[in-house]
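The values are calculated or read from the model by the stated rules, or taken from the named source; none is laboratory data. Given the structure is predicted, the values throughout are model-derived calculations rather than measurements. Note that we place each Cβ from the backbone using ideal geometry, even for glycine, and neighbour counts take in every protein chain shown.
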């Protein structure tokens, strides 16, 4: 006997609604939503003889619905291309010169605190720039149910002015172009030859004589460049007017760094032939050809095809010579036989004749006949 199962319609509706709520996100696991807010993102300090100590503050606010425990520590900082990333390699001079006055504190929901950071002129702090990161992170707490530990880094730029050197060098200029297209952008390679971070600035101009055709801005995002590092900055050209005259054009790079008004200039010269000149040249060539008649066109065809035919003929001749090459021994034997036949033909006599006359009219007596005369 087969048993028949009857489902309650109310149970089916409740189960469907529960699944829909879970899929739509109305039913979620319990966790603390929110985060921490840190400002500013950069601390800069210039250590001089007149200001040997500077104190900076970082504001930290708790946006979690529960109390959190916040800590601060010093980390290293490295430049990778245009990006600054925290590193485990910490500058020892920066560590010696930096003191965090607030390293551990507990914040209630919505509460803020100022983390004090003090920079001092110590003996370990050498001249030039020192770079690192201040890490603001959540510490474990028994009263919270946070499953993830958040950490926010604040960039530290500390410069000791006594002996600081700021210098920049343009090492390379690359134009993405060919002879029939004008460049749309330029890749500029800059190197920091000083001991302090700098921000490259400048312009790139495409010109010919006194006419300016395009201009680009260098380093619009204001990316810094650390000492001893090299960076490639792409500058896109904004067209002012279209270059239509074939000839030589210049790309002039005027560059500097922040806090200086002196520009350095570097130029690159290139040949540019607008595409319309090719079409005009082709039309003129056809018109001149018809003006001179078919004979002129035939001469042009011969001028172009003759070298090709000569090259094809030389290749065929070389192939035939390689195919019919005689072996060294057989070749030597053939040479000997040819020499022997030539000597016989030159005398005009055979081995059986004792008294012959050559082609030149000189009488020749054989060796056996001469001997018989002496014996007489």
Original post:
Looking at (1) at pLDDT 90 or above; (2) part of a strand (DSSP E or B); (3) closer than 20 Å to residue 87 by Cα, can you tell me which one residue 196 breaks?
Top reply: (2)
Subject >> Condition check for residue 156: closer than 28 Å to residue 50 by Cα, surrounded by 19 or more Cβ atoms within 10 Å (Cβ to Cβ) and in contact with a strand residue (DSSP E or B) (Cβ under 6 Å, 6 or more places away or on another chain) >> reply: yes
**OP:** Name every residue in region 32-62 that is surrounded by 14 or more Cβ atoms within 10 Å (Cβ to Cβ) and modelled with pLDDT under 90, in order of residue number.
**Re:** 32, 34, 35, 36
Subject >> Filter result (farther than 13 Å from residue 232 by Cα, under 22 Å from the mean Cα position of the chain (by Cα) and in contact (Cβ under 8 Å) with a residue 60 or more places away in the chain) within region 182-206 >> reply: 182, 183, 202
**OP:** Count, please, the residues in region 85-101 that happen to be assigned to a loop (DSSP other than H, G, I, E, B) and surrounded by 15 or more Cβ atoms within 10 Å (Cβ to Cβ).
**Re:** 2
**OP:** Within region 207-228, count every residue that is exposed (fewer than 15 other Cβ atoms within 10 Å of the Cβ) and free of Cβ contacts under 8 Å to residues at least 24 places away in the same chain.
**Re:** 5
Subject >> Qualifying position, being outside any loop (DSSP other than H, G, I, E, B), outside the structural domain of residue 78 (by TED's automatic domain parsing), modelled with pLDDT under 95 and surrounded by 14 or more Cβ atoms within 10 Å (Cβ to Cβ), among 174, 191 >> reply: 174
Original post:
On the given criteria, is residue 183 at pLDDT below 95, assigned by TED's automatic domain parsing to the domain that holds residue 265, out of contact with any strand residue (DSSP E or B) (no Cβ under 7 Å at 6 or more places or on another chain) and in a loop (DSSP other than H, G, I, E, B)?
Top reply: no
